[in-house]
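The values are calculated or read from the model by the stated rules, or taken from the named source; none is laboratory data. The structure displayed is predicted, hence computed values, not measured ones. Note that we place each Cβ from the backbone using ideal geometry, even for glycine, and neighbour counts take in every protein chain shown. In case anyone asks, the SASA skips ligands and DNA or RNA and just uses the protein heavy atoms, side chains included. Shrake-Rupley method; radii C 1.70, N 1.55, O 1.52, S 1.80 Å.
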Amino acid sequence: MCGIVGYAGKDNAKNIVINGLKRLEYRGYDSAGVAFIDSGKLKVYKKSGRIRNLEFELNRDLSLPQVAIGHTRWATHGEPNDINAHPHTDCTGKIAVVHNGIIENFTKLKKELELKGHTFKSKTDTEVIAHLIEEEIKTGKDLFKAVLSAARKLKGSFAVAVIYEKEPDKIVCLRKDSPLVIGVGEGENFLASDVPAFLSYTNRVIFLDDNECAIITADKVNVFDLNGNIVTKEIKQIPWSIAQAEKGGYKHFMIKEIYEQPKAVADTISGKLSMFAGQKAALLKAFNKIQIVACGTSYHAGLVGKFFIESLAAIPVSVDYASEYRYRNPIIDKNTLIVAISQSGETADTLAAVRLAKERGAKVVAICNVIGSTITREADYTIYTHAGPEISVASTKAFTTQLAALFLFAVEAARIREKISPSEEERLLKALSEIPSKMKAFLDKESKNKTVHNIALEFYNSQDALYLGRFVNYPIALEGALKLKEISYIHAEGYPAGEMKHGPIALIDEKMPVVVITPKDRVYEKMVSNIEEAKARKGKVIAVTNPNCTEVKKLADYTIEIAETEELLYPFLTVVPLQLFAYHIADFLGYDVDQPRNLAKSVTVE
């Protein structure tokens with residue numbers, strides 16, 4: 001949500017910041033702006049709408065600044081317009097601020113500042129930061145000390161970057177509960193909310209922790225705590241290339257990322273056997289329950305993970321929406337293991353759940369895609385997925401790589417706790433190793449036959465859709481429905497198929513597509529009965545099934561065939577056609593698939 005970019009170096013900072021903002025478009029935004037200092041004067045350009053609107057204005061300015069900050073805004077306080085767009089300035093027009101997050105006490109601070117004579121132009125919470133810094137500079141402080149003093153008065157979550165007309169060679173930035181990462185170059189340094197913003201320039205990064213700030217110039221990066229003490233930070237190398245963060249000839253990032261799943265799953269599986277040894281193995285023996293916390297698509301992965309862990313390791317598992325976890329007074333003790341799932345590692349609600357669990361003495365395992373992200377630093381152990389950068393807001397390859405990490409975790413826990421035999425472990429891991437090739441075979445066939453594409457063409461004008469699954473594919477019904485609604489804006493609901501008679505069946509008519517996930521597993525016959533019930537109400541049935549499922553083929557209006565595998569592993573194969581179905585419908589409707597309305601890639605505020 002929102003994106004910050006900063007640059008200090010020798011090149012045209014204005015252009016570098018704009019290019020960085022474009023690479024953060026996937027985070028979601030409704031306006032954009034840039035600030036820089038030219039010939040000793042602060043200049044600010046900001047426009048509502050797309051970055052191209054801002055770029056049109058900037059192209060008229062021929063200045064070549066070497067320090068700049070920029071921002072893409074996702075409105076929280078004040079409607080999306082030019083005035084509320086960032087950067088925001090103080091009364092003197094010499095300080096410019098960009099900010100991600102929410103200032104919870106901004107109303108009180110604004111009233112205090114107005115009593116001191118400050119005039120506010122916008123309806124945002126962010127503008128108070130610029131005026132607070134102005135007040136501190138009036139007392140004789142330099143920019144860095146003024147930012148520190150202002151920060152102590154703020155309550156809420158924030159990532160802030162500031163430039164000042166009288167100290168034109170530097171950016172001062174600050175982080176509390178909202179991500180900021182510094183890119184370290186040669187004679188130039190970068191600042192951003194996420195790595196892709198500067199990945200074409202450097203893959204050497206410093207992740208700021210909460211309550212840390214930094215002074216960034218072309219030649220130096222210094223990191224401090226909020227008391228002004230120097231903090232020594234490790235420079236990490238990100239194993240991603242800029243090519244991975246580009247479309248590579250595909251129409252959208254989402255379709256590219258769907259087709260990248262076989263490799264992403266294979267990369268996640270590779271080298272992950274025996275993840276837990278020594279003290280970690282003892283940990284897996286010691287706990288007696290697992291609580292999985294996650295949001296959105298990661299929550300659906302957690303639901304599948306519950307089946308994996310309980311089926312193989314015989315450990316009781318609960319799965320919570322991280323946003324609700326704190327409010328139910330969860331029962332946590334030293335024998336509770338928390339598994340926190342987050343693609344970005346910066347999801348605010350998931351981080352809050354992790355912190356609560358650790359306060360109560362639990363150990364935390366993170367499943368995450370981003371090396372060095374906050375959740376990986378705060379967890380006791382991390383299982384990295386190797387999805388590479390996922391740019392589309394609608395998650396695809398992050399989901400299937402999370403499934404891979406969860407399955408490996410379940411097998412490892414089962415082995416350590418002696419719940420499976422060596423031969424059974426070998427059989428399960430062999431079946432998992434075959435999943436990438438089976439995913440690829442399906443995608444290759446779809447590229448030629450366009451089965452899912454053509455079915456989507458039949459239903460893209462639908463107003464509603466119902467997704468049904470049982471057992472390990474019930475969460476896939478939820479995920480399929482989520483994908484359709486978040487990018488095509490078609491109302492879709494996912495249900496356990498056994499619950500159809502308890503309400504959802506009332507919705508089924510001749511206009512309603514009913515997507516049923518029906519591989520040949522332990523609940524196959526029951527799913528066939530559900531198809532019969534849907535057909536009796538004239539529903540249009542789209543079945544995801546195996547080639548040899550003749551009963552389903554006779555009943556369904558449309559079938560999508562997937563390969564056979566171990567029944568616990570079917571979610572890897574059943575979710576792919578549902579991702580494609582949602583993608584094609586949204587594309588047929590002409591929507592921006594990668595940046596759906598009202599959504600952001602990384603939800604970093606509560």
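Flag set for K123, criterion: surrounded by fewer than 17 Cβ atoms within 10 Å (Cβ to Cβ) and closer than 17 Å to R73 by Cα. Is it the case that some residue within segment 542-560 is surrounded by 16 or more Cβ atoms within 10 Å (Cβ to Cβ), touching a Phe, Trp or Tyr at 6+ places or on another chain (Cβ under 6 Å) and outside any strand (DSSP E or B)? Looking through segment 542-560, none of the residues is surrounded by 16 or more Cβ atoms within 10 Å (Cβ to Cβ), touching a Phe, Trp or Tyr at 6+ places or on another chain (Cβ under 6 Å) and outside any strand (DSSP E or B).
Looking at K233, K256, K251, which one is within 30 Å of I487 (Cα to Cα), open to solvent by 30 Å² or more (accessible area, probe 1.4 Å) and modelled with pLDDT under 95? Give the steps one after another, and end with the answer.
Details: K233 fails: within 30 Å of I487 (Cα to Cα); K256 fails: open to solvent by 30 Å² or more (accessible area, probe 1.4 Å).
Every option except K251 fails the conditions.
Residue-level analysis places Y524 outside the set of residues that are touching a residue at least 40 places away in the same chain (Cβ under 8 Å), buried (at least 16 other Cβ atoms within 10 Å of the Cβ) and aromatic (F, W, Y). With respect to being surrounded by 16 or more Cβ atoms within 10 Å (Cβ to Cβ) and touching a helix residue (DSSP H, G or I) at 6+ places or on another chain (Cβ under 6 Å), I238 fits the description. Here F198 meets the list (1) open to solvent by 30 Å² or more (accessible area, probe 1.4 Å); (2) farther than 17 Å from V162 by Cβ almost entirely, failing just condition (1).
Candidates K419, K440: the one that is open to solvent by 60 Å² or more (accessible area, probe 1.4 Å), under 30 Å from A313 (Cβ atoms) and either among the polar types (S, T, N, Q) or in contact with a Pro (Cβ under 7 Å, 6 or more places away or on another chain) (or both) is K440. So, F120, is that one modelled with pLDDT under 95, touching a helix residue (DSSP H, G or I) at 6+ places or on another chain (Cβ under 7 Å) and either on the phi < 0 side of the Ramachandran plot or of a type in the set (K, R) (or both) or not? Judged against the criteria, F120 is a match.
If you go through segment 123-137 and keep only what is in a loop (DSSP other than H, G, I, E, B) and either at pLDDT 95 or above or more than 15 Å from P87 (Cβ to Cβ) (or both), you end up with just K123. For V339, the conditions (1) buried (at least 18 other Cβ atoms within 10 Å of the Cβ); (2) in a helix (DSSP H, G or I) all hold with the exception of (2).
Against the condition touching an Asp or Glu at 6+ places or on another chain (Cβ under 9 Å), at positive phi and open to solvent by 10 Å² or more (accessible area, probe 1.4 Å), how does G372 come out, does it pass?
Numbers: touching an Asp or Glu at 6+ places or on another chain (Cβ under 9 Å): yes; at positive phi: yes; open to solvent by 10 Å² or more (accessible area, probe 1.4 Å): no.
So G372 does not fit the description; no.
Filtering L351, L356 for residues that are crowded, with 22+ Cβ neighbours inside 10 Å and either within 20 Å of D209 (Cα to Cα) or at pLDDT 90 or above (or both) leaves a single hit, L351. Residues of segment 85-114 that are among the polar types (S, T, N, Q) and at pLDDT below 90: N100 alone.
Got at least one residue in segment 205-222 being more than 30 Å from P577 (Cβ to Cβ), among the basic types (K, R) and in contact (Cβ under 8 Å) with a residue 40 or more places away in the chain?
Taking segment 205-222 as the starting set, the residues that turn out to be more than 30 Å from P577 (Cβ to Cβ) are 205-222.
From what's left, among the basic types (K, R): 220.
Right, trim to in contact (Cβ under 8 Å) with a residue 40 or more places away in the chain and you get none.
Looking through segment 205-222, none of the residues is more than 30 Å from P577 (Cβ to Cβ), among the basic types (K, R) and in contact (Cβ under 8 Å) with a residue 40 or more places away in the chain.
Is it true that V162 is touching a Phe, Trp or Tyr at 6+ places or on another chain (Cβ under 8 Å) and among the aliphatic types (A, V, I, L, M)? No.
Please go through segment 207-222 and pick out each residue that is assigned to a loop (DSSP other than H, G, I, E, B) and either over 24 Å from L351 (Cβ atoms) or in contact with a Ser or Thr (Cβ under 9 Å, 6 or more places away or on another chain) (or both). Don't jump to the end; show me each part of the working.
At the first step, the residues of segment 207-222 found to be assigned to a loop (DSSP other than H, G, I, E, B) are 208-211, 217-220.
Result: D209, D210, T217, A218, D219, K220.
Here G388 meets the list (1) of a type in the set (G, A, S); (2) open to solvent by less than 10 Å² (accessible area, probe 1.4 Å); (3) out of contact with any strand residue (DSSP E or B) (no Cβ under 7 Å at 6 or more places or on another chain); (4) on the phi < 0 side of the Ramachandran plot almost entirely, failing just condition (4).
How many residues are touching a Leu at 6+ places or on another chain (Cβ under 7 Å) and either over 21 Å from D90 (Cβ atoms) or among the basic types (K, R) (or both) when one looks only at segment 171-180? Before the answer, list the steps.
Restricting attention to segment 171-180, the residues satisfying the condition of being touching a Leu at 6+ places or on another chain (Cβ under 7 Å) are 171-173, 175, 180.
Adding the requirement that they be either over 21 Å from D90 (Cβ atoms) or among the basic types (K, R) (or both) leaves 175, 180.
Number of matching residues: 2.
Do any strands (runs of 3 or more DSSP E) lying entirely in segment 1-77 carry at least 1 residues that are of a type outside the set (A, V, I, L, M, F, W, C), in contact (Cβ under 8 Å) with a residue 12 or more places away in the chain and surrounded by fewer than 23 Cβ atoms within 10 Å (Cβ to Cβ), and which ones are they?
Values: elements: 3-8, 31-38, 41-48, 67-73.
Fully inside segment 1-77 and qualifying: 31-38, 41-48.
In the set (1) loosely packed, with under 15 Cβ neighbours inside 10 Å; (2) of a type outside the set (V, I, T); (3) modelled with pLDDT of 90 or more; (4) under 28 Å from the mean Cα position of the chain (by Cα), the condition left unmet by C295 is number (1). Of everything in segment 468-511 that is among the acidic types (D, E) and over 20 Å from the mean Cα position of the chain (by Cα), the residue that is modelled with the highest pLDDT is E493. Taken over segment 78-115, residues that are farther than 17 Å from A146 by Cα, out of contact with any Ser or Thr (no Cβ under 7 Å at 6 or more places or on another chain) and open to solvent by 40 Å² or more (accessible area, probe 1.4 Å) amount to 9. Does segment 391-416 hold any residues that are of a type outside the set (S, T, N, Q), crowded, with 24+ Cβ neighbours inside 10 Å and more than 20 Å from I315 (Cα to Cα), and which are they? Of everything in segment 391-416, those that are of a type outside the set (S, T, N, Q), crowded, with 24+ Cβ neighbours inside 10 Å and more than 20 Å from I315 (Cα to Cα) turn out to be I391, A394, K397, A398, F399. State all residues of segment 134-156 that are closer than 16 Å to C91 by Cα, over 32 Å from the mean Cα position of the chain (by Cα) and buried (at least 16 other Cβ atoms within 10 Å of the Cβ); if no residue qualifies, say none. E134, E135, E136, I137, L143, A146, listed by residue number.
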